[in-house]
């Protein structure tokens, strides 16, 4: 697994052996960043299920301003830190070791900033609509997504996500709408924007 473009291009990343982290394939990662284009420059990124850190490191390599990496597995968090060091990135990075929902609450309490790109790639064993609804509702309730930001969700092709997600029943709460979704082999990438920002 290598960084595809930018300042860390060609650097090889370490990952935990086995299927626990299920890294995003290079060709899928390249397709995602081709779609993002210049949106990544100066962006604040949250990779909530970071695994090897490939998504966040690719974003930083291509000009993102900062990235918050989170993974509940302490061994995985250590690998992320190794990969960041190996890629000699100068941007602001934060590596957390928390449950995803705990991380969302923590980031809200710390009021670090809103994120321009939030990437969700939970393990496939959690691929059920209720879990994704819970994650996205939490992100929207805490208003962690910047006004023109994107939530990107990676799933198995067997899972079909909703076209819209709502924070709750209150009229003024945030909601997101599907912008586009693309399939790459067994993987589907879903891009969502805040309602009113299409």
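Every number in this text was worked out from the coordinates using simple rules, so none of it is lab data. These numbers were taken from a predicted model, which means no experiment stands behind them. Ideal geometry is used to build each Cβ from the backbone, glycine not excepted, and the neighbour counts take in all protein chains shown.
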- prompt: What is the range 37-114 by shape, rounded, prolate or oblate, if you read a ≥ b ≥ c off the alpha carbon gyration tensor as root eigenvalues and call it rounded for a/c under 1.5, prolate for a/b larger than b/c, and oblate otherwise?
  reply: oblate
statement: Here the residues of the range 55-84 lying in the modelled label zone of residue 26, meaning backbone nitrogen under 15 Å from a point 7 Å along Cα-to-Cβ, are 55, 58
- line: Plugging the Cβ-Cβ distance of residue 175 and residue 105 into 1/(1 + (r/R0)^6) at R0 = 25 Å yields, to the nearest 0.05, a FRET efficiency of 0.80
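When the helices in the chain are scored as -39500 (n - 2.57) per DSSP H run of 4 or longer and the sum is shared across all residues, what 222 nm value do you end up with, to the nearest 500 deg cm²/dmol? Show your work: numbers first, answer last.
Details: 5 runs with 56 residues, N = 198.
After summing the helix terms and dividing by residue count, I get -8500 deg cm²/dmol.
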- prompt: Points 7 angstrom from Cα along the Cβ direction at residue 88 and residue 157: gap in nanometres?
  reply: 4.1
message: Only counting other Cβ atoms within 10 Å, I'd like 33, 49 sorted with the fewest neighbours first.
response: 33, 49
query: Can you give the extra length, in nm with one decimal, that the chain gains between residue 38 and residue 164 once fully stretched, where that is 0.36 nm per residue apart less the Cα-Cα distance?
result: 42.8 nm
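Could you check what % of the DSSP bridge pairs in the chain are antiparallel, to the nearest 5? If you can, show how the numbers build up before the last one.
On the way: 19 of 36 bridges.
If we restrict to bridges inside the chain, about 55 percent are antiparallel.
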field: In degrees, nearest ten, helix 129-141 long axis to first principal axis of the chain (Cα)
entry: 80
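As a footprinting exposure proxy, order 82, 142 by other Cβ within 10 Å, with the fewest listed first.
Details: 82 14, 142 17.
Ascending number of Cβ neighbours within 10 Å: 82, 142.
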- line: In degrees rounded to 10, the 0-90 angle between helix 74-86 Cα long axis and the longest Cα principal axis of the chain is 60
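By count of other Cβ within 10 Å, fewest leading, how are 117, 36 ordered? Intermediate results must be reported in sequence, preceding the final value.
Numbers: 117 24, 36 19.
In order of increasing Cβ crowding within 10 Å: 36, 117.
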message: With angles folded into 0 to 90 degrees, how steeply does helix 100-110 sit against the dominant principal axis of the chain? Use alpha carbons for both and round to 10.
response: 80
